[in-house]
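In what follows, a structure is listed as structure tokens, so that the remarks can point back to it.
Computed from the coordinates by the stated procedures, all read-outs in this text should not be read as laboratory data. Bear in mind the structure is a predicted one, so any value in this text is a computation, not a measurement. All Cβ positions, glycine included, derive from the backbone under ideal geometry; neighbour counts span all protein chains shown.
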Amino acid sequence: MRVAARVFNERGYDGTSMEDLARALGVTKSAIYHHVSGKTELLRRSLDLALDALFAVTREESSTTGPAIDRLENVLHGSVRVLVEQLPHVTLLLRVRGNTEVEKHALARRREFDHLVADLVREGIAAGEIRDDVDPAVASRLLFGMVNSIVEWYKPDRGLDADELADSLARIAFRGLRTQGGGEGRSDGARPRSGSGPGRSPD
């Protein structure tokens, strides 16, 4: 399953043949057909593997009990863990475009997951745990935009493990980058002007 997902990611699902899969697996096409009906079934199983793992996170005790903000943080943390553990399958999930019935079903389940996250944000706002000047749908998309971006740069064989990565992301998402003594910020909400400081190339 992991090899099939990797090949789909590399070549695209439509551009992958059973011959490509057999070559990558080092087996004959008939050996693959002994286990699955074809590449459509491999796609469905791969996407379901990723989605089932994500929905399992939402059913964990820490995701269903306690303050909404804590439940939201647990879902985010668990989603990073799933992404790292099931990287090829989650990557494939994030790249489907609804070109087949299998993909359409996967996208519908993704939207259901997104709604669960947005509902947690709404609960947090109603309880006074989350600031009320953010749109719940936008907040959930931004949070999981950070999570989903991990597939583009994360290398399992070096750097942070799943928990360290999730802790870093949660720290930034829920507590921000600024230290308590790291400047006063702007009371008018305006962005600071560009200047010649760090991060800006001199003219």
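Of note:
- Rg over Rh for the stretch 27-136 works out to 1.10, both radii taken from alpha-carbon positions and Rh defined as the Kirkwood radius.
- Peptide packing for 123-129, 68-74 was compared via the average number of neighbouring C-beta atoms within 10 Å per residue; ordered from the highest value, the list is 68-74, 123-129.
- For residue 155, a cut-off of 13 angstrom between C-alpha atoms picks up these aspartates and glutamates, skipping any fewer than 8 places away in its own chain: 85.
- Eligible lysines near residue 104 by straight Cα distance, threshold 22 Å, same-chain separation 8 or greater: 39
- Rh by Kirkwood over Cα pairs, then Stokes-Einstein D for the stretch 1-69 at 0.692 mPa s and 37 °C, µm²/s: 238 µm²/s
- Rounded to the nearest 0.05, the FRET efficiency derived from the C-beta distance between residue 127 and residue 164 at R0 = 30 Å is 0.55.
- Per-peptide average of other Cβ atoms within 10 Å, ordering 60-67, 81-88, 172-179 highest first: 81-88, 60-67, 172-179
- All alpha carbon pair distances within the chain were sorted into 10 Å bins beginning at 0; the resulting P(r) in whole percents reads 8, 28, 29, 20, 11, 4, 1.
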